[in-house]
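The values are calculated or read from the model by the stated rules, or taken from the named source; none is laboratory data. From a predicted model like this one, the values you see are computed outputs, not experimental measurements. When we count neighbours, we look across all protein chains shown, and the Cβ atoms used for this are built from the backbone with ideal geometry, even at glycine. Please note that ligands, DNA and RNA were not included when accessible areas were found on the heavy atoms of the full protein model with its side chains. Shrake-Rupley method; radii C 1.70, N 1.55, O 1.52, S 1.80 Å.
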Amino acid sequence: MSRLSHSENHMVHRIGWLRAAVLGANDGLVSTSSLVVGVAAAGTGAAEVMLAGLAGLVAGAMSMAAGEYVSVSSQADAEQADMARERRELEEMPEAELEELTMIYVARGLDRELAEQVAHQLTERDALGAHARDELGISETIATNPIQAALVSALTFSVGAVVPLIVAILAPPMQISLIVAMATLLALAVLGGLGASAGGAGMVRGAIRVTFWGALAMAATALVGTLFGVAV
């Protein structure tokens, strides 16, 4: 009798890169388009608008990469510290750690005898891995990767930021604000829908929530540019 193998692709497997990618592209679109709309609304020329947009792209990509690297590195440091402490506890008080693992499985619904058997077998195979997964909630699936997160954030921010810049180049000088805003809202709706779909959520809901905040950001910067009449 042959055993059928079966592979499942769960949404949680994508969470590391998906979070950084959606955040980066969304921020690139919103921040750069808002900057372009605000500067254009101030009555500046097309050259100044493009210069501001390019500066925003470069600064934003570097900021996203640095911020994501620091944030994820801090999480990785915390995970490593927890793992080091767990390793010491396994060496110094293995019986107490075995009992702790047993009680975790009891709390999840196993009876005491079965929980002890499971804890014993997992401890014999990989004690640290069992405690990392079931006590600390750390596994290879969700382990942090600072460099990957930083690179994905910078790249996707740049991709998102390019959209309003291209539209600004092609738009008539007197209609840059309006056309960039409309194109950005459309791009945000698509991005929000795709991001929600990739994460297993509803596309319409994802598109609406991303578009709403993008529209709010562009409206705010357009108001500032109109009121003060300076590049912001």
Only one residue in 119, 132, 115, 59 is at pLDDT below 85 and small (Gly, Ala, Ser), so which one is that? 132
With 114, 136 as the choices, which residue is open to solvent by 40 Å² or more (accessible area, probe 1.4 Å), outside any helix (DSSP H, G or I), of a type in the set (A, V, I, L, M) and more than 30 Å from residue 30 (Cα to Cα)? 136
Condition check: surrounded by fewer than 18 Cβ atoms within 10 Å (Cβ to Cβ) and more than 15 Å from the chain's Cα centre (by Cα). Does residue 126 satisfy that? yes
Filtered residues of the range 168-185 (kept if more than 13 Å from residue 218 (Cα to Cα), part of a helix (DSSP H, G or I) and open to solvent by 30 Å² or more (accessible area, probe 1.4 Å)): 169, 170, 173, 174, 175
Do you know which residues across the range 191-208 are surrounded by 14 or more Cβ atoms within 10 Å (Cβ to Cβ) and either modelled with pLDDT of 85 or more or in a helix (DSSP H, G or I) (or both)? 191, 192, 193, 194, 195, 196, 198, 203, 206, 207, 208
